[in-house]
Protein chains: 6
Amino acid sequence: MPMLQVSLLSGYSNELKERMTQALTAAIAGITRANPEAISIWIHEFDSSNYSRGGMARQPSTGAADPTSLVHDYLMAMEQRDLEKARKFLDENFVMTFPGSGELTSLNQVVELSKGRYRFVKKTLESTNIAYEMDKIVVFVNGTLYGEWPDGTSFESIRFIDRFEICNDRLVRQDVWNDLATAQR
Amino acid sequence: MPMLQVSLLSGYSNELKERMTQALTAAIAGITRANPEAISIWIHEFDSSNYSRGGMARQPSTGAADPTSLVHDYLMAMEQRDLEKARKFLDENFVMTFPGSGELTSLNQVVELSKGRYRFVKKTLESTNIAYEMDKIVVFVNGTLYGEWPDGTSFESIRFIDRFEICNDRLVRQDVWNDLATAQR
Amino acid sequence: MPMLQVSLLSGYSNELKERMTQALTAAIAGITRANPEAISIWIHEFDSSNYSRGGMARQPSTGAADPTSLVHDYLMAMEQRDLEKARKFLDENFVMTFPGSGELTSLNQVVELSKGRYRFVKKTLESTNIAYEMDKIVVFVNGTLYGEWPDGTSFESIRFIDRFEICNDRLVRQDVWNDLATAQR
Amino acid sequence: MPMLQVSLLSGYSNELKERMTQALTAAIAGITRANPEAISIWIHEFDSSNYSRGGMARQPSTGAADPTSLVHDYLMAMEQRDLEKARKFLDENFVMTFPGSGELTSLNQVVELSKGRYRFVKKTLESTNIAYEMDKIVVFVNGTLYGEWPDGTSFESIRFIDRFEICNDRLVRQDVWNDLATAQR
Amino acid sequence: MPMLQVSLLSGYSNELKERMTQALTAAIAGITRANPEAISIWIHEFDSSNYSRGGMARQPSTGAADPTSLVHDYLMAMEQRDLEKARKFLDENFVMTFPGSGELTSLNQVVELSKGRYRFVKKTLESTNIAYEMDKIVVFVNGTLYGEWPDGTSFESIRFIDRFEICNDRLVRQDVWNDLATAQR
Amino acid sequence: MPMLQVSLLSGYSNELKERMTQALTAAIAGITRANPEAISIWIHEFDSSNYSRGGMARQPSTGAADPTSLVHDYLMAMEQRDLEKARKFLDENFVMTFPGSGELTSLNQVVELSKGRYRFVKKTLESTNIAYEMDKIVVFVNGTLYGEWPDGTSFESIRFIDRFEICNDRLVRQDVWNDLATAQR
């Protein structure tokens, strides 16, 4: 039954509007327990000449990048050790933590850290979840790792979760948890 | 600039409506990059005699429990080993995973599992994030653990993250990651 | 998908609003071929202090009587030959036609007319349909007649249809068709 | 005073929207007794990218044929004995009744039935009224008949009414009443 | 045809809302040349729990005093030389000009100034007009003066106009023009 | 917080809509004491096929000329003694008053009147204020005069105010006050 009317300045892409209606529908469904099928959203788009605040026409904001794509693209670049590409996703104040690593601030540190831990590691993604906070977007990716230990034996099905914070379309924080230490004992 | 008008049958609590406006504002802000201060939401409430679908009056859905409270209350009950209370938060098909545990289905299994690992453990919460999906709510809690090892020595500042899935106000899944194994090596 | 928002001064009864939502839903469904289940209607009610035209507050109109009840009550009064009651439903310019009768203007003429035709007649209603025109409401009632011929033999299952025009909650015209003549031949 | 805002996916023809605003205005006027001149309707049209239900874009329904035209065209085809054209308006489960005919299911039966009754008959239409029901549209046409009896004498001014039921732009039922039997006695 | 929907937090008085609908109707009529009778305004009032900006409930502003009453009451107090009452309408930075006076800042100066000009003067009001500016309200009062010259002879029908600026329900400026000098020549 | 939704037939110019949003914002700010920055206006424009009153499509009104431009252009034409151009701004029933003039009805009378008073006079505008009344627009222009007395000496900083009434884009009345008489004494 809940019905939303969203008034926006025109100019946002269809992809962004689709992302928006899905996020709003899911939030309304989660909070009211209404069936998503019963939730309708109507987007009114307005030319800038048809909107004013303080009596003045206003311009639309630019719209955010898709946080799922942003995180997946970053993870893929890291898996391929394409650090140059990966760095483009990072805010200048980017901070990372891995199990036992303390806070790292450079991707080179990540590469160093991993050297004694495994020959390579790749991710099988299970879920990506997005939590919208007032001042940031938090993206969670969980699934399993597979790869090779330093001695060349292979491993797989080791659980992991990554927690990312995004501000202004840049990653400002990444926190990683996994069961590699448990698996190695 | 984005402006939302939400039409609802009346009957939802002010607490629920506040939770809803915050979730909607954060989603809109995250997706459009509009400043939350510039996002206004108007909730139109309708008596059941003023809403119809298919020409028939409809009743409102019941509204969901606050997912943050639900998860925090469950974690507190577990920390206090009040299993009876903790079970009330669980769906009958509840499944848990911990580092190295495989899938568990009973809280007693958790208690057994923890016996050889530590005398007690408590959580210091840093963040709770809520991701609304079409078919479930996913809640993430991360922070640090403190407690005592089996030999009585204390530990602290060990990172953890819990991932919960909620359907119909019950926990259906809990996945736990932490650095206990790393810390013990 | 069609969604209607109806803005009204408050004061109309729930019964009237239900009648209105059903009529609007049926019209929209008939014209767009949308499934009635997919058509939602929200009624905004406004105190007279919250509506103005020409800068002045306005009062709501009184609302019309239910045309189905009006016609059914009139037919019941006529069937029971309670002419006094039946006359209360009639406009002062009321006109009737029956098969072969020409235009009649008084209920007494109806009673006279029927004398040679049958001892009594009663109606079994099948359908009542309401057509809203800009300047009047037209109500159609069809079904079958049963009763006794002047010679005392009974009849039944004789098709009839009545067409009524309503203005200002009064019947201004009734046109009757039936198969009595065919049945008698 | 009543004011309607109709939200639709774009794509409906101006003719359909005009038919819709007239039907809605007449229904509102009939039910509230507001003057039609005081009833305004605003149609908001939305691109499919600006409407979602269940978080998914939806397509508009196709819109129904004008029921007045449909019935008038069918009646004209029948009057001209263009049965091939007339059949195109009929649902496969079409049923008709005429005075004394019982239920007929084929237009050929109509032609047979009429043979002994008149050489030809034509209609002078007085009113066409449309009643929108949840599951069908009911159209009523009344007026007078003129034509020639089997003996070649002419007749005129014989009252008739036709009741049609339309589903999915096809006639599913036609019920005919008239005073031919009365006139012939 | 223009139709306005005004969304407000509830709590404003009916008198204020009436003033608002009249001001909005007049502005719309003046700018679009639509007949005021064709301009309708619907005020949606919202409890504070049904409005949020930045995800937080907000309180309504207090509403302004009626500028017409404010100015008329001030003029009456001045005419009656009730300076104590008159001062209550003034902002601490109040400035006045009269013909030939330069800028005055105290009501006592006005009284001094008038001493040589007339024994008394009273106003017959013809029009009061209100101009809403973004940062202030400007009220104009024009009409004619009558009274007695210093020599005791009476005068009347001398044109005047007063221009007032109001901020925060206080007069911040009064400019007076009249034909007293012309009349005295 | 106040939020306006204005529904209009499309066709008005951006300049007119800007003038409208400023007038509405200022009126709302003045009456509610809300900060103009907190007042948003959304204009819904409708094709004529998407609006009906009484079930019939309607055409938009033409929109009024900018009253500020109209008055300024008239004053400029008068200052330049371009009477032919100035007359185009006047209604056929135009009336003027100046200090001591009584009611004048022709611009030639103004020219005559001024001959003995000054060689020329020009205006320095300080403020232009617009008051929208239900049946007219009242425009006020105030500032100071400069020019030359009949004897060739110059004057300046003499206060004036003009009050104009506009109906249907024509000036119907002009009332002038100034301190010329005071200055000459």
Long-range tail of P(r) for chain E (Cα pairs > 26 Å, %): 45
Could you rank the peptides B:28-38, B:139-149 by their average count of other C-beta atoms within 10 Å per residue, with the highest value first? B:28-38, B:139-149
Peptide-level mean, for C:6-13, of C-beta atoms on other protein chains within 10 Å: 5
To one decimal in nm, how far is B:Met56 from the same spot in the other copies, if labels go 7 Å from Cα toward Cβ? Please give the shortest first. 2.4, 4.1, 4.5, 4.5, 5.4
Can you list, shortest first in nanometers, how far B:Thr105 lies from the same residue in the other copies, with each label 7 Å from Cα toward Cβ? 5.0, 5.6, 8.7, 8.7, 10.2
Expressed per residue, the solvent accessible area of segment D:77-135 in Å² (1.4 Å probe) is about 59
Let me know the charge dipole size of segment A:146-185 about its Cα centre in debye, to the nearest 20, where only the beta-carbon of Lys, Arg (+1) and Asp, Glu (-1) is charged. 160
Given R₀ = 25 Å, what would the calculated FRET efficiency be for A:Ser69 paired with B:Thr68, taking r from the Cβ atoms and rounding to 0.05? 0.35
To the nearest 0.05, what FRET efficiency results for B:Asn168 and D:Ser49 with a Förster distance of 51 Å applied to their C-beta separation? 0.95
Given the convex hull of the Cα atoms of segment B:54-157, what is a quarter of its surface area in nm²? 9.0
Where the accessible area of the protein assembly as shown is counted over protein heavy atoms with a 1.4 Å probe, how much of it, in %, is carbon and sulfur? 44
Top positive-direction residue, dipole computed over chain F with Cβ charges, set F:Tyr51, F:Thr144, F:Phe89: F:Thr144
Where along chain A is the Cβ that lies nearest the axis linking it to chain D, and how many Å separate them? A:His44, 4
Rounded, prolate or oblate: pick one for segment D:1-72, where a ≥ b ≥ c are the square roots of the eigenvalues of its C-alpha gyration tensor, a/c under 1.5 means rounded, and failing that, prolate if a/b is larger than b/c, else oblate. oblate
Of all the C-alpha pairs in segment A:35-101, what % are more than 13 Å from each other? 79
What are the label-to-label distances in nm, one decimal and shortest first, from B:Met76 to the same spot in the other copies, with labels 7 Å along Cα to Cβ? 4.5, 6.1, 6.1, 7.3, 7.7
With charges only on Cβ, +1 for K and R and -1 for D and E, what is the dipole size of segment C:92-185 about its Cα centre, in debye, rounded to 20? 260
What is the protein assembly as shown by shape, rounded, prolate or oblate, if you read a ≥ b ≥ c off the alpha carbon gyration tensor as root eigenvalues and call it rounded for a/c under 1.5, prolate for a/b larger than b/c, and oblate otherwise? oblate
State which entries of A:Lys85/A:Lys136; D:Lys85/D:Lys123; B:Lys17/E:Lys136; C:Lys123/D:Lys123 exceed 25 angstrom in Cα-Cα distance in the structure shown. B:Lys17/E:Lys136; C:Lys123/D:Lys123
In debye, nearest 20: dipole of chain D around its Cα centre with unit charges on the Cβ of K, R (+) and D, E (-)? 160
Straight-distance crosslink candidates among aspartates and glutamates, where the alpha carbon sits under 12 Å from F:Lys122 and sequence neighbours closer than 8 are dropped: F:Glu79, F:Glu148, F:Glu156
If you count, for every residue in F:137-143, the Cβ atoms of partner chains within 10 Å of its Cβ, what is the mean? 4
Chain E, helix-only ellipticity at 222 nm - DSSP H runs n ≥ 4, -39,500 (n - 2.57), divided by all residues, nearest 500: -8000 deg cm²/dmol
Any DSSP H helix in chain E with Cα axial reach of 24 Å or more and mean Kyte-Doolittle score of at least -0.5? Listed by number, the hits are E:14-32
Can you compute the FRET efficiency between C:Asp91 and F:Met56 using 1/(1 + (r/R0)^6), with r the Cβ-Cβ distance and R0 = 30 Å? Round to the nearest 0.05. 0.65
Evaluated at q = 0.20, 0.24 Å⁻¹: base-10 log I(q)/I(0), Debye formula over Cα of segment E:103-185: -0.99, -1.22
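The values are calculated or read from the model by the stated rules, or taken from the named source; none is laboratory data. These figures come from a predicted structure and were not determined experimentally. Heads up, the Cβs are rebuilt from the backbone with ideal geometry, glycines too, and the neighbour counts pull from every protein chain shown. Surface accessibility is based on the protein's heavy atoms, side chains included, excluding ligands, DNA and RNA. Shrake-Rupley method; radii C 1.70, N 1.55, O 1.52, S 1.80 Å.
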